[in-house]
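Enquirer: Would you mind keeping the following structure in view while I ask a few things?
No value in this document is a laboratory result; all are computed from the given coordinates. Bear in mind that the values here come from a model prediction, so they are computed numbers and not experimental data. Positions of Cβ are backbone-derived with ideal geometry, glycine not excepted, and every protein chain shown enters the neighbour counts.
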Amino acid sequence: MLAALARMVSSRHPERVVTLNLFQHDGGSWRGYTRPMLDTPSATADVPALSLADQASDPAKFAADLGGSFRRFGFAVVKDHGIPQALIDRAWAETAKLFALPDEEKRQYFVAGGGGARGYTPFKTEIAKGASAVDLKEFWHVGRELPAGHRFGDQMTPNIWPSRPETFRDTFVELFAAFDAAGDRLLSAIALNLGLDAHWFDHAVKDGNSVLRLLHYPPIPADAEGVRAGAHEDINLITLLLGAEEAGLELLDKNTGDWLAVKPPADALVVNVGDMLQRLTNHVLPSTTHRVVNPPPERRGHSRYSMPFFLHPAPDFLIETLPGTVTADNANRYETPITAHDYLHERLVEIGLVKK
């Protein structure tokens with residue numbers, strides 16, 4: 001009934017989008033309409049937030065709930081994730097200070113031809129696969145700190161640290177580690193849900209090429225071309241996203257074809273499946289199409305900040321279809337395996353961060 005109402009609203013008022021409301025409980029590459037979001041109809045979809053704390057007492061149930069959310073919506077909402085709120089607050093403050101620096105100072109940390117792997121990437125650089133307009137954003141990448149002489153040293157670029165804010169490095173090394181720990185717990189649940197050993201992903205992601213992205217969507221004029229981030233899927237295994245104060249994130253409901261606007265509870269993560277996990281699971285766990293639309297006119301003078309953690313495997317991990325996901329009704333879509341490093345390079349070319 002809600003989906004039918006949403007489609008009726010969309011046909012009569014194409015400038016509107018469906019709203020996704022999230023609530024918490026204590027129990028156990030399609031491209032769509034990209035016109036700016038102007039207002040919100042009453043049609044809603046309610047999705048419960050899962051508690052990662054439940055994993056300790058009933059890992060099988062938590063794994064089932066997480067897998068069910070991924071299969072239905074392509075994403076999940078997870079509270080009690082273990083990332084300290086004080087650290088999150090500090091990271092938001094540092095992010096705002098970083099992007100408030102003069103443009104010429106930020107551009108000192110941009111590496112031309114570096115694919116945006118580390119440091120600063122300027123406004124209007126990245127473009128969604130298949131899109132005609134570049135995204136209205138700037139961002140900063142923090143990667144894993146590797147010791148000198150590490151075997152992945154040639155494939156994982158060293159971090160670039162700004163001189164300002166002074167505590168930036170300490171804050172984001174700590175936050176990276178906290179995201180990493182939460183991601184490991186979520187991957188353990190995903191493994192169980194796929195019928196694998198709970199530690200199946202441990203080797204795959206050890207010293208993985210994960211990236212913490214600090215995103216700034218600057219204020220935009222009313223007639224801005226394009227959207228803040230075009231419809232796309234993430235490259236990696238899973239993405240852990242801390243909520244933004246400004247609305248705009250939309251996820252595609254794969255069952256109805258409707259766009260759902262989502263703003264998670266302040267203390268929760270949005271977790272979505274990326275293309276690497278979709279490929280590994282032969283689409284049993286689908287990658288989530290999502291975008292960030294422009295705000296209504298009265299909010300276009302405000303910045304939007306976001307902090308996704310893209311959890312990647314190690315560069316030499318072979319993405320090969322899991323045998324248990326191939327059935328008579330789900331033939332193997334990917335006969336030829338590919339390393340995580342090669343797959344990442346292919347996708348970075350597609351989104352304009354690496355030139356052919």
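Enquirer: Any idea what the relative contact order of segment 248-314 is, in percent, if you count C-alpha pairs under 8 Å spaced at least 6 apart?
Expert: 32 percent
Enquirer: Let me ask you something else. Enumerate the amide H contacts of L50 below 5 Å, restricted to partners 5 or more residues apart or on another chain; note that Pro and chain-start residues carry no placed amide H.
Expert: Under 5 Å from the amide H of L50 lie the amide H atoms of V77, V78, K79, each far enough along the sequence or on another chain.
Enquirer: In terms of modelled amide H atoms, which long-range or inter-chain residues lie less than 5 Å from the amide H of D258?
Expert: D253
Enquirer: With every atom except the alpha carbons ignored, what do you get for Rg and Dmax of segment 59-199, in angstroms?
Expert: My reading of the Cα-based Rg and Dmax gives 18.3, 52 Å.
Enquirer: What ³J(HN,Hα) values, in whole Hz, does the Karplus curve 6.51 cos²θ - 1.76 cosθ + 1.60 give for segment 147-159 when θ = phi - 60°, with x put for Gly and Pro?
Expert: Ordered by residue, 3J(HN,Hα) equals x, 4, x, 4, 5, 9, x, 7, 10, 10, 4, x, 5 Hz.
Enquirer: How do 288-299, 48-59, 150-161 rank on mean C-beta neighbours within 10 Å, highest first?
Expert: Packing proxy ranking, top to bottom: 288-299, 48-59, 150-161.
Enquirer: Mind checking the full-extension length gain between D184 and H199? Use 0.36 nm per residue of separation minus the Cα-Cα distance, one decimal, nm.
Expert: 4.5 nm
Enquirer: If you don't mind, there's one more thing I want to ask. Which of the residue pairs K79/K263; K97/K206; K106/K137; K97/K263; K97/K137; K79/K106 have a Cα-Cα distance greater than 25 Å in the structure shown?
Expert: From K79/K263; K97/K206; K106/K137; K97/K263; K97/K137; K79/K106, over 25 Å: K97/K206; K79/K106.
Enquirer: With each pseudo-label sitting 7 Å past Cα toward Cβ, what's the S57-A96 distance in nm, one decimal?
Expert: Distance between the two pseudo-spin positions: 3.7 nm.
Enquirer: Hey, for a label at L318 modelled as a point 7 Å past Cα toward Cβ, could you say which residues of segment 330-356 have their backbone N under 20 Å away?
Expert: Under cut-off, by backbone N: 332-346.
Enquirer: With every atom except the alpha carbons ignored, what do you get for Rg and Dmax of segment 254-356, in angstroms?
Expert: Final numbers for Rg and Dmax: 17.3, 53 Å.
Enquirer: To continue, here is another question. What is the extension gain from D342 to N255, computed as 0.36 nm multiplied by their sequence separation minus the C-alpha to C-alpha distance, in nm to one decimal?
Expert: So the extension gain works out to 28.2 nm.
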